[in-house]
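The values are calculated or read from the model by the stated rules, or taken from the named source; none is laboratory data. Keep in mind the model is a prediction, meaning the values are calculated, not measured. No Cβ is skipped: glycine too gets one built from the backbone with ideal geometry, and neighbour counts run over all protein chains shown. Accessible surface areas use protein heavy atoms only, side chains included; no ligands, DNA or RNA. Shrake-Rupley method; radii C 1.70, N 1.55, O 1.52, S 1.80 Å.
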Amino acid sequence: MITLGCSKNVYDSEVIMGQLIANGKEVVHEESGDIVVINTCGFIENAKQESIDTILRFVEAKEAGKVEKVFVTGCLSERYKPELQKEIPNVDQYFGTRELPMLLKALGADYKHELVGERLLTTPRHYAYLKIAEGCDRPCSFCAIPLMRGNHRSTPIEELLKEAKKLAKNGTKELILIAQDLTYYGLDLYKKRALADLLKELVKVDGIEWIRLHYAFPTGFPQDVLEVIKSEPKICNYIDIPLQHISTSVLTSMRRGTTKEKTNALLASFREKVPGMAIRTTLICGYPGETEEDFQEMKNWVAEQRFDRLGCFTYSHEENTHAFHLEDNVPQEVKERRVEEIMEIQSQVSWELNQQKIGKVFKVLIDRKEGDFFVGRTEFDSPDVDNEVLIPAENIYLPMGEFVNVKINDASEFDLFGEVVD
Ligand code: SF4
């Protein structure tokens, strides 16, 4: 199994592997095998190119007799199946994002519904992604995800609880909640926003110590979620909420359903209701029509807001999205320069915020040993995308998946350094 793209694809690969194992198949992840299944990403240009390169690499291996069969699934396959079948015909079969039973059939396995929640984790056992919904009903102009993942479908609370209990029994301590739009949870199933209700149930699962929220959406943000984050110690004081931009004219063209004023009011409510909560966001530079003024407005805002965590990407002109009708008029080099400028500001902000942590003690979850350090994370850091805590490994042994208290004695832009204290 080869996985490309986002945490939702990681989750889907884990489900596919869980099904295959239950059918008595031998499965490995990101290693060579006789039959290769590539779970692709089709989100933006770079990701699409990486998926195509990966398909070509394994088709070459097949032509060289190194692998028997190559199957392709995931977003790129969902979005471009006819073109892929024509351009790269030597793939045994292409599958969409909602064709798991057919993929399993092609692999000589039967889809087992009773296995809901059973996955082969690809993350270290002590943390796991929990996909609470799939698809998206939002009209964001630049985004191809609804084309690849369909409309929003929430997973019933009972099924998610069952899954969380199985994970906890298997040693998972941190649950990372994911979806395309986490805050839309329940609107389809329960006709109301039910993320707070789900959280109140998940905190009751024994063994789970941290619950983390990713992919919140600003418009219609359910404020009751903030109360639950505040009152429930198991829920990390952390929220990932991609905001994409701050200029009202750009937000309007992006069809985000919000404005600069509303966005700032939402951020203020986060800080007022959950003081100290780490806010992660994602921004896009170079959207069609983005003027130098719009960009300056966003730069000033990033400096003012001082986000704890921030990622920034160049706009990608995607077919069949609403924005594809607009002229992609910001030159690539300008897009890239704007991303660099934003990340320069963010590096400074992150360094300053990290300096304030020196001398303080934090609960840290140990993820791995790397070189001369044990590496872990505070509740303010999600795996793979945020800061890490490095603890010199001399004369000490820290088991993976254990929580320890760490006193911070130094900090860089994106890492903290410290020693274990009682
Ligand atoms: S919320 Fe918007 S950006 Fe996010 S997946 Fe849905 S359409 Fe795309």
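Candidates in the range 124-169 are the residues that are touching a residue at least 12 places away in the same chain (Cβ under 8 Å), out of contact with any Pro (no Cβ under 8 Å at 6 or more places or on another chain) and of a type in the set (Asp, Glu); of these, the one that is nearest to the ligand (Cβ to nearest atom) is 134.
The single condition among (1) crowded, with 16+ Cβ neighbours inside 10 Å; (2) assigned to a helix (DSSP H, G or I); (3) among the basic types (Lys, Arg) that residue 162 does not meet is (1). Listed by position, the helices (runs of 4 or more DSSP H) inside the range 25-130 whose residues that are within 27 Å of residue 164 (Cα to Cα) number at least 2 are 100-106. Might you let me know whether the range 178-188 holds any residue that is β-branched (Val, Ile, Thr), within 16 Å of the ligand (Cβ to nearest atom), open to solvent by less than 10 Å² (accessible area, probe 1.4 Å) and in contact (Cβ under 8 Å) with a residue 60 or more places away in the chain? Scanning the range 178-188, I find at least one residue that is β-branched (Val, Ile, Thr), within 16 Å of the ligand (Cβ to nearest atom), open to solvent by less than 10 Å² (accessible area, probe 1.4 Å) and in contact (Cβ under 8 Å) with a residue 60 or more places away in the chain, so the answer is yes.
Matching residues to (1) farther than 30 Å from residue 227 by Cβ; (2) of a type in the set (Phe, Trp, Tyr); (3) part of a strand (DSSP E or B):
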position	(1), (2), (3)
279	no, no, yes
288	yes, no, no
297	yes, no, no
301	no, yes, no
310	no, no, yes
319	yes, no, no
330	yes, no, no
334	yes, no, no
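Could you check, for the range 244-251, whether at least one of its residues is touching a Pro at 6+ places or on another chain (Cβ under 7 Å) and assigned to a helix (DSSP H, G or I)? The answer is no; no qualifying residue exists. Residue 204 meets all of the listed conditions (1) farther than 23 Å from residue 119 by Cβ; (2) among the charged types (D, E, K, R); (3) out of contact with any Ser or Thr (no Cβ under 8 Å at 6 or more places or on another chain); (4) in a loop (DSSP other than H, G, I, E, B) but one, namely (1). Take the conditions open to solvent by less than 20 Å² (accessible area, probe 1.4 Å), within 18 Å of residue 283 (Cβ to Cβ) and acidic (Asp, Glu) and apply them to residue 341. Does it pass? In short, no.
Taking the range 222-241 as the range and being open to solvent by 20 Å² or more (accessible area, probe 1.4 Å) and either in a loop (DSSP other than H, G, I, E, B) or among the polar types (S, T, N, Q) (or both) as the test, the residues that pass are 223, 231, 232, 233, 234, 237.
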